[in-house]
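To keep things clear, I will list the structure first and then write my remarks on it.
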Amino acid sequence: MRYCYGVDLGGTAVKIGFFDGQGRLLARWEIPTRREDGGRSIPADIAGAVLADMARRGLEKGGCLGLGVGIPGQVWPDGTADAENLGWERFPIVSGLADRTGLRVAADNDANAAAMGEYRSGGGRGCRSVLFVTLGTGVGGGMIIDGRSLRGAHEAGGELGHIQVEPGETRLCACGNRGCLEQYASASGCVRLAREALEATEEPSVLRSMGELDARAVWDAARAGDGPALRAADRYCMYLARGLAAAANTVDPEVIVIGGGVSGAGQLLADMTAEHYRRLAFTPCKATPIVIARLGNDAGIYGCAAMALGQFS
């Protein structure tokens, strides 16, 4: 039996999974992400955690197929990465991990990795193509076409969060454009839509008594039938459907999978989005099912393991 590691590098924690050669998760743990000094200690921290685990298991390097790592940013063909929230610019992540572990290393954007995880083991299992969107602090995504990630000429394939869904928007997105999906379908975008719904009416709402709103509270209130919350949720899903329809009309996926923290809203989110999507999508794509991701926060490590298995087995 041979094994591999999947590593999902986040801004606050690094999730690490130990997998067998069939892609089954055998163990999972986390270490802190040390971003100080431009994130220079991150490769050593990951390598130390992996090598320590191998030593505990008595696993020789010959018994490990390799390591896959997902990066919150762009990964270039030469194995370097740009990740603004880690302080990385053309950072040599692949060679840094390979040199420290003695293992073969594959790397990709974290949303692409999560998309691959859902494709192999989650909501897209059994499908040939998957459109994956992750809704959280930002809005990311990945597209798997015939088993391969759609990366693009500039490593920007799958950046669903920056599809323009509101041409009349005056506020700037973090990317520098206006009207991006991320401005509406991120967690903060959900809160913004809820506040606008509250300002538009004097209708009673449980949200008015909350000092600090968050996306979960908005969806909990919507599920309970709260009027302003329901209107905010519906508007949220309309914008999300605009972005998904634009992407689906381009790549025609077999299934659309919604992940990320906001996906905790569950079936209500999927159903409300699907209603708008069927109205907006190109006719051949209207029947594409929209499902909630099954792997939760583990999608990234599953995808990174699949990346290692695919490249090195």
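Looking at (1) in the same structural domain as Val7 (by TED's automatic domain parsing); (2) closer than 16 Å to Tyr302 by Cα; (3) at pLDDT below 95, which is the one condition that is false for Leu26?
Here Leu26 meets the rest and fails (3).
Given the conditions (1) out of contact with any Phe, Trp or Tyr (no Cβ under 8 Å at 6 or more places or on another chain); (2) closer than 28 Å to Leu9 by Cα; (3) aliphatic (A, V, I, L, M); (4) not in a helix (DSSP H, G or I), which single one is not true for Ala287?
(2)
Hey, among Ala281, Ala287, which residue is in contact (Cβ under 8 Å) with a residue 24 or more places away in the chain, in the same structural domain as Gly157 (by TED's automatic domain parsing) and either within 30 Å of Arg208 (Cα to Cα) or out of contact with any His (no Cβ under 9 Å at 6 or more places or on another chain) (or both)?
Sole residue among the options that is in contact (Cβ under 8 Å) with a residue 24 or more places away in the chain, in the same structural domain as Gly157 (by TED's automatic domain parsing) and either within 30 Å of Arg208 (Cα to Cα) or out of contact with any His (no Cβ under 9 Å at 6 or more places or on another chain) (or both): Ala281.
Name the helices (runs of 4 or more DSSP H) wholly inside the stretch 24-101 in which the number of residues that are touching a Cys at 6+ places or on another chain (Cβ under 7 Å) and among the aromatic types (Phe, Trp, Tyr) is 3 or more.
Helices (runs of 4 or more DSSP H) meeting the threshold: none at all.
Might you let me know whether the stretch 284-305 holds any residue that is under 20 Å from Ala187 (Cβ atoms), among the hydrophobic types (A, V, I, L, M, F, W, C) and in contact with a Lys or Arg (Cβ under 8 Å, 6 or more places away or on another chain)?
Scanning the stretch 284-305 turns up no residue that is under 20 Å from Ala187 (Cβ atoms), among the hydrophobic types (A, V, I, L, M, F, W, C) and in contact with a Lys or Arg (Cβ under 8 Å, 6 or more places away or on another chain).
Looking at the stretch 227-267, which of the residues that are over 21 Å from the mean Cα position of the chain (by Cα) and crowded, with 23+ Cβ neighbours inside 10 Å is farthest from Leu160 (Cα to Cα)?
Once the filter is applied, the top-ranked residue is Pro228.
Tell me whether the stretch 76-86 contains one or more residues that are modelled with pLDDT of 95 or more, surrounded by 16 or more Cβ atoms within 10 Å (Cβ to Cβ), touching a Pro at 6+ places or on another chain (Cβ under 6 Å) and of a type in the set (Val, Ile, Thr).
yes
State all residues of the stretch 34-59 that are at pLDDT below 95 and either of a type in the set (Asp, Glu) or in contact with a Gly (Cβ under 8 Å, 6 or more places away or on another chain) (or both); if no residue qualifies, say none.
Residues satisfying the conditions are Arg35, Glu36, Asp37, Gly38, Gly39.
Would you mind finding the one in Cys180, Cys127 that is touching a His at 6+ places or on another chain (Cβ under 8 Å) and either over 29 Å from Asp20 (Cβ atoms) or among the hydrophobic types (A, V, I, L, M, F, W, C) (or both)?
Cys180
Looking at Ala111, Ala98, Ala174, which is the one that is out of contact with any strand residue (DSSP E or B) (no Cβ under 7 Å at 6 or more places or on another chain) and either under 21 Å from Ala293 (Cα atoms) or among the small types (Gly, Ala, Ser) (or both)?
Unique residue meeting the criteria: Ala174.
The values are calculated or read from the model by the stated rules, or taken from the named source; none is laboratory data. Quantities reported herein were computed from a predicted structural model and do not represent experimental measurements. So basically every Cβ, Gly included, is an ideal-geometry build from the backbone, and we count neighbours across all protein chains shown.
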